[in-house]
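J.: Got a structure here, written out as structure tokens. Questions coming.
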Amino acid sequence: MPLPFTGKRVLVTGGAGFLGSHLCEQLLSRGNEVLCIDNFYSSTRRNVEHLLPHPRFELMRHDVTFPLFVEVDEIFNLACPASPVHYQHDPVQTTKTSVHGAINMLGLAKRVRAKILQASTSEVYGDPLIHPQVESYWGNVNPIGLRSCYDEGKRCAETLFFDYHRQHKLRIKVIRIFNTYGPRMHPDDGRVVSNFIVQALRGGDLTLYGSGEQTRSFCYVSDLITGMLGIMDTPDTFTGPVNLGNPTEFTMRQLAELVVELTGSASRIVHHPLPSDDPKQRRPDISLVRETIGWEPTVALREGLQHTIAYFDTMLAGALPSA
Ligand code: NAD
Ligand code: UDP
């Protein structure tokens, strides 16, 4: 006879991805039962292979653009490619994943009365005209550009979350994640931190897009997951949207130089054309999350990069699976 289970049953969509795999680990370590679903569009099962033997972990191949019928208490909706290279590869599928995926997961939450969190993004602010970005800012988004499938898909998902909340009294949390990095990013992911580190470790050129003066604010994955879990546990009256990210801002040139320094690489930094609609600056105002759960990022870029470099170094040496 199975033992009675007293923890929570938690669904993580996109659970085999970079953030999802860290989230699944943390949820298991808190005693929950975790159902991880993924269609492996921008990840592989290797990210969660070490969790497969865990008695409270289950992995299911499923595409969130199709309905799902399971019994759960909480849903973390992370399914969506996050790298511009991946989300622009099949832009129609990207919009479907955000919009149909949100409808399906909200429908599931409504049926089983589960609490549901949406992994939204700083991209809802587009190329922001106010700096740093506060949650009350409505953004500056191109609706027909190459990034729109992601930006507008995520904006529509936010709309759906708030309409289900108002219309069906669903318990929702919407977090706007700013650039996050760390171990288990895919080496060919295409995002700047993994690109620079892998290029430096291989001794190749670092591909700096545009002048390199554009800025981002990088959050280490462990900080982000702590914040995400903290927001899920807030009282039902708190819905967000709430920014989650590290407010220390760097230019891409500074990032490239830091990666070269920390890897001790002889790589050169070379300029490539700036992709269209690339935001010029990005930094979260984190006053709301600070006031709500007292969350602060604790890992500085230099330290987070050291952990991430060590991870990719081991992977490239062949000691870790690379895909
Ligand atoms: P990722 O690409 O590593 O993970 C996304 C996961 O979703 C992958 O495992 C992918 O296979 C899966 N997926 C994609 N389409 C799917 C579908 N239709 N059905 C089921 N699974 C699907 O990216 P990540 O960095 O882990 O991002 C996770 C979430 O956080 C995404 O929703 C992303 O938009 C959001 N986010 C991330 C960042 C960041 O900097 N990492 C910033 C803002 C928002
Ligand atoms: N970038 C770069 N070189 C790369 C990849 C990205 O200079 O090899 C730049 C990109 O143009 C952007 C920033 O780094 O200005 C962050 O890009 P990323 O794709 O990581 O995320 P974004 O915040 O643009 O979604």
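J.: List the strands (runs of 3 or more DSSP E) inside segment 169-227, counting only whole elements, that have at least 1 residues being within 15 Å of Leu78 (Cβ to Cβ). Explain how you work it out, then say what you get.
T.: Working: elements: 172-177, 206-209, 215-217.
The qualifying strands (runs of 3 or more DSSP E) are 172-177.
J.: Only one of Glu74, Glu25 is within 18 Å of Ser120 (Cα to Cα) and away from ligand 2 (no atom under 16 Å from the Cβ); which?
T.: Of the residues listed, the single one that is within 18 Å of Ser120 (Cα to Cα) and away from ligand 2 (no atom under 16 Å from the Cβ) is Glu74.
J.: Another question about this same structure. If I go through segment 27-57 residue by residue, how many of them are away from ligand 1 (no atom under 15 Å from the Cβ) and farther than 25 Å from Asp189 by Cα? Quick ask: steps written out before the conclusion?
T.: Step one: of segment 27-57, the residues away from ligand 1 (no atom under 15 Å from the Cβ) are 28-33, 50, 52-57.
Checking the rest, the ones that are also farther than 25 Å from Asp189 by Cα come to 28-33, 53-57.
Selection size over segment 27-57: 11.
J.: Among the residues in segment 128-140, are any of a type outside the set (Asp, Glu) and within 12 Å of ligand 1 (Cβ to nearest atom)?
T.: no
J.: So which residues in segment 201-254 are more than 10 Å from ligand 2 (Cβ to nearest atom), touching a His at 6+ places or on another chain (Cβ under 7 Å) and either at positive phi or among the hydroxyl-bearing types (Ser, Thr, Tyr) (or both), if there are any at all?
T.: The one that is more than 10 Å from ligand 2 (Cβ to nearest atom), touching a His at 6+ places or on another chain (Cβ under 7 Å) and either at positive phi or among the hydroxyl-bearing types (Ser, Thr, Tyr) (or both): Thr239.
J.: Here is a list of conditions, (1) within 16 Å of ligand 1 (Cβ to nearest atom); (2) within 15 Å of Gly212 (Cα to Cα); (3) assigned to a loop (DSSP other than H, G, I, E, B), and Leu274 meets all of them except one; can you say which number that is?
T.: Just one mismatch for Leu274, condition (1).
J.: For a quick check of your reading of the model, give me the residue pairs whose first member lies in segment 171-200 and is acidic (Asp, Glu), whose second is in a loop (DSSP other than H, G, I, E, B), with beta-carbon atoms closer than 8 Å and at least 6 apart or on different chains.
T.: The qualifying pairs are Asp188/Ala323; Asp189/Ser42; Asp189/Ser83.
Any read-out appearing in this document is the output of simple, stated calculations on the displayed coordinates, not a laboratory observation. Remember, it's a predicted structure, so these values are computed and weren't measured experimentally. Cβ sites come from the backbone with ideal geometry, for glycine too, and all protein chains shown count toward neighbours.
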